[in-house]
Every structure is written in structure tokens, then in C-alpha cells.
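Since the structure comes first, as C-alpha cells, the remarks are kept for the end.
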Amino acid sequence: MTLNVLAQSDPARAKEVLSEPLGFGSSFADLMVVMRFRDGSWETPTLEPFAPLSISPAAKVLHYGQEIFEGHKAYRRADGEVVLFRHQLNAERFNRSAARMCMETVPVPLQMQMTEQFVDAVRAWVPTDPESTLYLRPTLLGMDSALGVSASKEFLYLLLASPVGAYFPNGFASVSVVVEPELVRAALGGVGDAKTGGNYAAGLAAQERAKRAGFDQVMFLDAKEHRYIDELAAMNVLIVRDGALLTPPLGTILDGITRRSLMELAPMLGLRAEATPLAIEEVIDDARRGRVTEMFACGTAAVVTPIGTLGYDGDRFQIGDGEPGPITTKLYERLTGIQYGRIPDKLGWTHTVS
Ligand SMILES: *Cc1c(COP(=O)(O)O)cnc(C)c1O
């Protein structure tokens, strides 16, 4: 497979954009990949200018949310090489999300080839500043122009790239998180484990409520008992209890590649790692008694976000001393070390873009 190249990237434009503060996801590389599924097959993907789309106002995606996406990153190493991190897992998850939302899957090798060719074409957009990256956003949209509620037969695949700055420009810092008592993000049998737009829209009201109450983020509980930790709006949750790394099991949560990678790294740092249901009352009791010493959220965007304060039932609880804990910090450094090539990648998690 080769992308049908309809435009070239402008390195001078990239240089200009990268010289300004980047933030997260607000500036974009000047090219994107576009691929259409029509008449039962995928057409040749094109590399074209990043520009507004023309779509039918009746497209299913606009009315019924038939949409999925992925998020991963290209990292610039000190030697100038650009690498991808476990991107096969993103391609596989993309297809699990697509299947759940009744959408056409994109063969994993095709996704991986498009990603590599695209990143090579927009290489100048991969920032060089410490902890900055080129964030990649594959997206799939249901395109049938019809208002009946049914699965689309036409799809539009997009691959966008956004240069992003360090998530913590002032260094690794703890955030405050409030446990949402009423609203839920996902129920068993629903779509919580699919990366689909509606999940994020469903979380916004609770996120706004958390902000108004003075917290940085919201933590959701399970939909049935309102008792077990689910995840944040877009990040998985891990805790350190009695020196072991624990995280809620899969089911309603998104199968995060950061979560999975940290759980796999833990034994190499001498930590036991286990996926097990975490009842919020017990976690708070254990934090009070000094058994739960660290808590953090994780995901591709911020990698690891230490949680220093937990709001629950009108009270605020400090986790550990409220600062990023030693295990949290060690895991963050180990994972980002592998991604940026500061630590040898013995696990074969990174792939150099050629
Ligand atoms: C993307 C996402 C995550 C994190 O997954 P990573 O693969 O680690 O980036 C966690 N939770 C939700 C709901 C997500 O959408």
C-alpha cells in the first residue's frame, strides 16, 4: 500500500508553528490521510491538505454518533529519530471499537502502513522540545446520508496529527479528582470499552460539575452499585496499596495501552501488579490508614497524572503526602524513558519510522 500523495508538507510552516507554545490538540500538521469505504471496499488512501470536510448534513455520524477514534503519539528522540509506541495495539483497539459501533474495520497492517507513511510525510511536525510529541488521531465516521437509525454502509477514515507540548510544562504535579456520586460514564454491556465520541459527551456534565466544585478532574463509579472505581473521563486509574500496583479490571473501562504498559512494567520494578475491583470506600479507608499510598490516572495524552487529593461525599482526602509518589514517579520515568529512547527498549515496544 502507498498513499496517493496529493500534497506535500511545508517544513517552514511546521517550524513556525513549533516555535510557538503548543498546548494540547489545537494546532495541526498541514496534511491528513483520507480514506473512503464505498461499495463494499476501502478506496486508496490519499495524503491531502488538512482542511475542512464537505459532508452531507444528514450523515449518520452527525445524528447518531456513529464514530470512533484512536490516540497515540510519534516521539522525537535525542538522536533525531522518530518512533511510534506499540501502535499495533492502537490499530487492534480501533477495530474492536469499530466492530462494537457496527462500523467497517480497517485491516491492522493497512493502519500501520498508513501511520508510518503519514508520520514520515509530516516528520517536520514532530516537536523536539522535551516531553513534546506529535499526537496522532485516527478517526472513523459513519457517512450514509439518511435519517433512519441503522448502520452506515459508507465510512470515512481520517488520520490527523497535532503537535503537542509537554502536558506538565512546570514539571510533574498532582491534580485533584472528585468522585461523581450520580452520573456514570458506562454500564456493563454498553460502550465504555469502545473509543467512541458519545462516551466523552456523556462525561462532560460531570466534568463541568467537578470544575465548578474546584476539582481538576472527575472519577466515575460503576453504574450498578455506584461503589467501584471505573475511570476518569479519558484516563484509567491505578493505585498503590501495600506496595502493589492495582487497577480496576476490564469490562466498562477503556483497555488503555498506558495502563497495560505500566502493569507490565511493574514486575520489572519489583512490584506486584493486579487488576481487581476497587471499592471507593475501601480505597479511602486504606488511604486514611496509610495502606493506599499513591493514586494516579494514566493515558497517552498525559502519560501519568498523579492524584494528590480525592473528593468524596463532601470531604477531601489526601493521598500519601499529596505530592507525586515514588512509585508513580518511577513508572512515569521508566515509560517515558522507553518512549524517548533514554532507556533501552528491551521489550520491543517502539518502532522507528523509516
Ligand atoms: C484513550 C482512553 C484511555 C487511555 O488509553 P491509552 O491507550 O492509554 O491512551 C483511557 N480511558 C478512556 C476512556 C480513553 O478514551
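The values are calculated or read from the model by the stated rules, or taken from the named source; none is laboratory data. Keep in mind that this is a model prediction, so the values were computed, not measured. Glycine also receives a Cβ, built like all others from the backbone with ideal geometry; neighbour counts cover every protein chain displayed. Accessible surface is based on the protein model in full, side chains and every heavy atom, while ligands, DNA and RNA are left aside. Shrake-Rupley method; radii C 1.70, N 1.55, O 1.52, S 1.80 Å.
Suppose we keep only residues that are closer than 16 Å to Leu110 by Cα and either among the polar types (S, T, N, Q) or without any contact (Cβ under 8 Å) to a residue 40 or more places away in the chain (or both) within segment 24-44. Which one would you say is most open to solvent (accessible area, probe 1.4 Å)? Residue satisfying both the conditions and the ranking: Thr44.
Being away from the ligand (no atom under 16 Å from the Cβ) and of a type in the set (A, V, I, L, M) is the filter here, so list the residues in segment 267-278 that pass it.
Start the filter on segment 267-278 by keeping residues that are away from the ligand (no atom under 16 Å from the Cβ), which leaves 267-272, 274, 276-277.
Met268, Leu269, Leu271, listed by residue number.
Looking only at residues in segment 217-250 that are in contact (Cβ under 8 Å) with a residue 12 or more places away in the chain and surrounded by fewer than 18 Cβ atoms within 10 Å (Cβ to Cβ), the one that is nearest to the ligand (Cβ to nearest atom) is Leu250.
Of all residues in segment 170-181, exactly one satisfies the criterion of being open to solvent by 60 Å² or more (accessible area, probe 1.4 Å) and without any contact (Cβ under 8 Å) to a residue 24 or more places away in the chain, namely Asn170. Across segment 103-128, the number of residues qualifying as free of Cβ contacts under 8 Å to residues at least 60 places away in the same chain and farther than 22 Å from Gly40 by Cα comes to 2. Each residue in segment 98-110 was checked for being open to solvent by 10 Å² or more (accessible area, probe 1.4 Å) and not in a loop (DSSP other than H, G, I, E, B), and 5 of them qualify. In segment 65-97, of all residues being among the basic types (Lys, Arg) and part of a helix (DSSP H, G or I), the one that is farthest from the ligand (Cβ to nearest atom) corresponds to Arg96. Six or more apart or on different chains, Cβ atoms under 7 Å: show the pairs whose first residue is in segment 282-308 and farther than 14 Å from Leu331 by Cα and modelled with pLDDT under 95 and whose second is assigned to a loop (DSSP other than H, G, I, E, B) and open to solvent by 10 Å² or more (accessible area, probe 1.4 Å). The qualifying pairs are Ala301/Phe24; Ala301/Tyr167. Could you tell me which of the residues Glu281, Glu294, Glu264 is among the acidic types (Asp, Glu), within 16 Å of the ligand (Cβ to nearest atom) and outside any loop (DSSP other than H, G, I, E, B)? Only one candidate qualifies: Glu264. Here the condition is being in contact (Cβ under 8 Å) with a residue 40 or more places away in the chain, within 17 Å of Ala151 (Cα to Cα) and not β-branched (Val, Ile, Thr); of Arg93, Arg100, Arg86, Arg76, it holds for Arg100 alone.
Scanning for something of a type in the set (A, V, I, L, M) and touching a Cys at 6+ places or on another chain (Cβ under 7 Å), does segment 146-161 turn up at least one residue? Yes, segment 146-161 has at least one match. Checking each residue in segment 188-206 for being away from the ligand (no atom under 14 Å from the Cβ) and either in contact (Cβ under 8 Å) with a residue 24 or more places away in the chain or under 16 Å from the mean Cα position of the chain (by Cα) (or both) picks out only Leu188. Could you please let me know if Glu274 is of a type in the set (Asp, Glu) and either more than 23 Å from the chain's Cα centre (by Cα) or closer than 27 Å to Asp120 by Cα (or both)? Judged against the criteria, Glu274 is not a match. Just one of the listed residues (Leu6, Leu53, Leu47) is under 25 Å from the mean Cα position of the chain (by Cα) and open to solvent by 70 Å² or more (accessible area, probe 1.4 Å), namely Leu53.
Criterion first (open to solvent by less than 60 Å² (accessible area, probe 1.4 Å), of a type outside the set (A, V, I, L, M, F, W, C) and at positive phi) does Gly65 satisfy it?
On the way: open to solvent by less than 60 Å² (accessible area, probe 1.4 Å): yes; of a type outside the set (A, V, I, L, M, F, W, C): yes; at positive phi: yes.
Yes, satisfied.
Residues that are outside any helix (DSSP H, G or I), at positive phi and within 16 Å of the ligand (Cβ to nearest atom): does segment 302-323 have at least one? Scanning segment 302-323, I find at least one residue that is outside any helix (DSSP H, G or I), at positive phi and within 16 Å of the ligand (Cβ to nearest atom), so the answer is yes.
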